[in-house]
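Read through the structure below, which is laid out as structure tokens, and then see the notes.
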Amino acid sequence: MATVLGQYKQYQEGLLKKISDGSLKQQELLAFQELNYRIATLELMQAYCRTAPVTTELGAIGYHYQLVIASFRALLTERRFGPKGDEQKVQQRATALKSLEAVFNDQCRRFQSFNAGTPELYRKSVQEMINTVLPVWVSYRTSYINIEEVLS
């Protein structure tokens, strides 16, 4: 997700320049808000990847996993707003949410009976989980606000 994050930060810089110049259009303001949200989320997930414990100690693994899962659960329920859509857009958003929920639930099932056989296994596994869920989350967010479309 590093390249997506980098692209988002470039968009953000451009919008910050427009804000300082006083030339930001109304539809770009919503994209700016969405960019800030996505950047914060991606940076948080990066932090989870970088701080994932390298251990077999269940207390450390369990605490970290609870933080990751709580953050993902919040992503499933928050920020369901964007430009009003027609019936097709409403259906697209519902389908994107179902896909996100399915991927998230599948990843959670992988951890139900997780056994850290080696100290590195948890870190590798949680990074894979995050890198599997985030692209689906970005697609879901795009069903509400297509940043590239707004900024083109």
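For Asn105, project a label point 7 Å along Cα to C-beta. Then give me every residue of region 47-67 with its amide nitrogen under 17 Å of that point.
Answer for region 47-67: none.
Output wanted: per-residue J couplings in Hz (rounded whole) for region 139-144, from phi through Karplus 6.51 cos²θ - 1.76 cosθ + 1.60, θ = phi - 60°, x for Gly and Pro.
Listing the rounded values in order: 4, 4, 4, 5, 5, 8 Hz.
Using 17 Å as the cut-off for backbone N distance, which residues of region 103-131 belong to the label zone defined by a point 7 Å from the Cα of Ala60 along Cα→Cβ?
Once the point is set 7 Å along Cα→Cβ of Ala60, 115-127 turn out to lie under 17 Å by backbone N, inside region 103-131.
Starting from the Cα of Lys84, draw a straight line to each of the aspartates and glutamates and keep only those under 19 Å, dropping any in the same chain fewer than 8 residues away.
Glu28, Glu34, Glu148, Glu149
By a straight-distance test (C-alpha under 21 Å), which lysines pair with Lys89 as possible cross-link partners, with residues fewer than eight away in the same chain excluded?
Partners within reach: Lys98.
Given R₀ = 41 Å, what would the calculated FRET efficiency be for Lys124 paired with Lys84, taking r from the Cβ atoms and rounding to 0.05?
0.45
Taking DSSP loops as anything outside H, G, I, E and B, show the longest stretch in the chain free of GluC sites (Glu not before Pro) there with at most 14 other beta carbons within 10 Å.
For GluC sites (Glu not before Pro) (loop position, at most 14 other Cβ atoms within 10 Å), the longest site-free span of the chain is 1-56.
From the Cα gyration tensor of region 54-122, with a ≥ b ≥ c the square roots of its eigenvalues, which class applies: rounded if a/c is under 1.5, or else prolate if a/b is larger than b/c, or else oblate?
prolate
Using only alpha carbon pairs under 8 Å that are at least six residues apart, calculate the relative contact order of the chain and give it in whole percent.
Details: 101 pairs, mean separation 55.0, N = 152.
Once normalised by length, the contact order is 36 percent.
Provide Val136, Val68 ordered by accessible surface of protein heavy atoms (probe 1.4 Å), highest first.
Val136, Val68
In square angstrom, what is the accessible area per residue of the chain with a 1.4 angstrom probe?
Accessible area per residue: 56 Å².
Please give the calculated 222 nm ellipticity per residue for the chain, where each DSSP H segment of at least 4 residues contributes -39500 (n - 2.57) and the sum is spread over every residue; nearest 500 deg cm²/dmol?
Computed ellipticity for the chain at 222 nm equals -27000 deg cm²/dmol.
In the chain, what percent of the accessible surface is made up of carbon and sulfur (1.4 Å probe, ligands and nucleic acids excluded)?
On the chain, the fraction of accessible area on carbon and sulfur atoms equals 53 percent.
The values are calculated or read from the model by the stated rules, or taken from the named source; none is laboratory data. This structure is a prediction, so every number in the text was calculated from the model and none was measured. All Cβ positions, glycine included, derive from the backbone under ideal geometry; neighbour counts span all protein chains shown. For accessibility, only protein heavy atoms count, side chains too; no ligands or nucleic acids. Shrake-Rupley method; radii C 1.70, N 1.55, O 1.52, S 1.80 Å.
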